[in-house]
Amino acid sequence: MMFRIPSSLTLIKECLFSCGNSLQISSKRCLSTQTWSYVKPGKVSERLTVPSYIPLPPYALTGEVPDLRFLNPPIRQAEVKNEGQIGLMRRSCRLARFVLDSIEEIIRVGITTDELDKFAHELITDNAAYPSPLNYRGFPKSICTSVNNVACHGIPDDRPLADGDIINVDVTVYLSGFHGDCSKTFLVGNVDEAGKKLVKVAEEAMMAGIEVCKPGEHFYRIGKEVSDYASDHGYTSIGVFAGHGIGTYFHGPPDIFHIYNRNTAKMEPGMTFTVEPILSEGQANVIILNDEWTAITEDGSRTAQFENTILITEEGYEILTKPYPKR
Ligand SMILES: [Co+2]
């Protein structure tokens, strides 16, 4: 996912919270009935390495992401891909979904997000792919794991998953020169009814955005549908994070906003991009912690997110990262 820094967003240098890993949030909510814990970052393990035969994206060694406008040919707007490129997108997207589905099978109370990261890293590299987040603008791990009040870009660490957590796992892989990107929010153990509803509505909101996609449709329509669906169910769509075009680059044009916006560009067959709204139980404001990645809600609300990479087809859309049929 791509991050846009709005002028109102405060980047703070010190971690706001000095208490233990899991503390009860002091907010206006009723503390005695809260069944989930407030999360702050834990200890991050050593960076993992990638076998030397894995083809690397341009930023893998330096952390620096090339500006797409200076490529040859430059990429300034949503790219229309040919059949060959679409075939490769399909492969990387299928692998991303396979990894996400495999992570789902090992998620349980007590497993740490670092263990999830190691598992994903191995599975991705075993499939001759590179875990796209690793060293992307310096990101230290291979997946993002965002628990409860962490809105996105959570860094896998030593915190064990607790009964009642909701966790978004975001998987992106770079296979045969193309990225595929998807994420899902999972329930851990016994999640309260409010949490279950948040997760369900977040998935439906993503689908509301995807279902309007077709050739000739304006990009702003996605943000309108997502945002309306969220507010109809009592949630807010967090506006500072956007979906993105995807291809040989992890993040490129167009920006896919999940709130009302004025992007009047139109969709065309062959375009590939992500739709990945984050819904908050409370306000939409987020704070970036001093690790420069972890985005938490300012008011301590829980959030849930779902993401797919989609292709615009002649008839409408195709979800390239669609889940495998359950056996
Ligand atoms: Co994304």
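The values are calculated or read from the model by the stated rules, or taken from the named source; none is laboratory data. The structure displayed is predicted, hence computed values, not measured ones. Virtual Cβ from ideal backbone geometry, glycine too; neighbours counted across all protein chains shown.
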Yes or no: segment 46-54 includes at least one residue that is under 24 Å from residue 134 (Cβ atoms) and within 21 Å of the chain's Cα centre (by Cα).
yes
Confirm whether residue 138 is touching a residue at least 40 places away in the same chain (Cβ under 8 Å) and on the phi > 0 side of the Ramachandran plot.
yes
Is there any pair with a first residue in segment 258-287 that is within 16 Å of the ligand (Cβ to nearest atom) and a second that is of a type in the set (Lys, Arg) whose Cβ atoms are under 8 Å apart and which are 6 or more apart or on different chains, and what are they?
271/81; 272/81
Which residues, taken from segment 144-166, are within 20 Å of residue 101 (Cβ to Cβ) and either away from the ligand (no atom under 16 Å from the Cβ) or among the aliphatic types (A, V, I, L, M) (or both)?
147, 156, 161, 165, 166
Does segment 189-205 include one or more residues that are farther than 28 Å from residue 110 by Cβ, part of a loop (DSSP other than H, G, I, E, B) and within 16 Å of the ligand (Cβ to nearest atom)?
no
Is it the case that some residue within segment 168-176 is within 28 Å of residue 84 (Cα to Cα) and aromatic (Phe, Trp, Tyr)?
yes
Report, ordered by the first and then the second residue, all pairs with beta carbons closer than 6 Å, sequence separation of six or more or different chains, a first member in segment 110-134 that is surrounded by fewer than 19 Cβ atoms within 10 Å (Cβ to Cβ), and a second member that is at pLDDT 95 or above and not in a helix (DSSP H, G or I).
110/160; 111/161; 112/158; 112/160
Which members of segment 109-140 meet the condition of being in a loop (DSSP other than H, G, I, E, B) and of a type in the set (Phe, Trp, Tyr)?
139
Any residue in segment 169-187 that's without any contact (Cβ under 8 Å) to a residue 60 or more places away in the chain: show its pairings with residues that are more than 10 Å from the ligand (Cβ to nearest atom) at Cβ separation under 7 Å, as long as the two are six or more apart or on different chains.
187/166; 187/196; 187/199
Would you pick out the residues in segment 246-302 that are farther than 29 Å from residue 89 by Cα, in contact with an Asp or Glu (Cβ under 8 Å, 6 or more places away or on another chain) and β-branched (Val, Ile, Thr)?
286, 287
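Yes/no per residue for (1) under 21 Å from residue 82 (Cβ atoms); (2) of a type in the set (Val, Ile, Thr); (3) within 19 Å of the chain's Cα centre (by Cα); (4) at pLDDT 95 or above:
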{"residue": "236", "(1), (2), (3), (4)": "no, yes, yes, yes"}
{"residue": "246", "(1), (2), (3), (4)": "yes, yes, yes, yes"}
{"residue": "266", "(1), (2), (3), (4)": "yes, no, no, yes"}
{"residue": "280", "(1), (2), (3), (4)": "no, no, yes, yes"}
{"residue": "289", "(1), (2), (3), (4)": "no, no, yes, yes"}
{"residue": "308", "(1), (2), (3), (4)": "no, no, yes, yes"}
{"residue": "313", "(1), (2), (3), (4)": "yes, yes, no, yes"}
{"residue": "322", "(1), (2), (3), (4)": "no, no, yes, yes"}
{"residue": "325", "(1), (2), (3), (4)": "no, no, no, no"}
It is to be established whether one or more residues within segment 167-180 are over 29 Å from residue 69 (Cα atoms) and either modelled with pLDDT under 95 or more than 16 Å from the ligand (Cβ to nearest atom) (or both).
yes
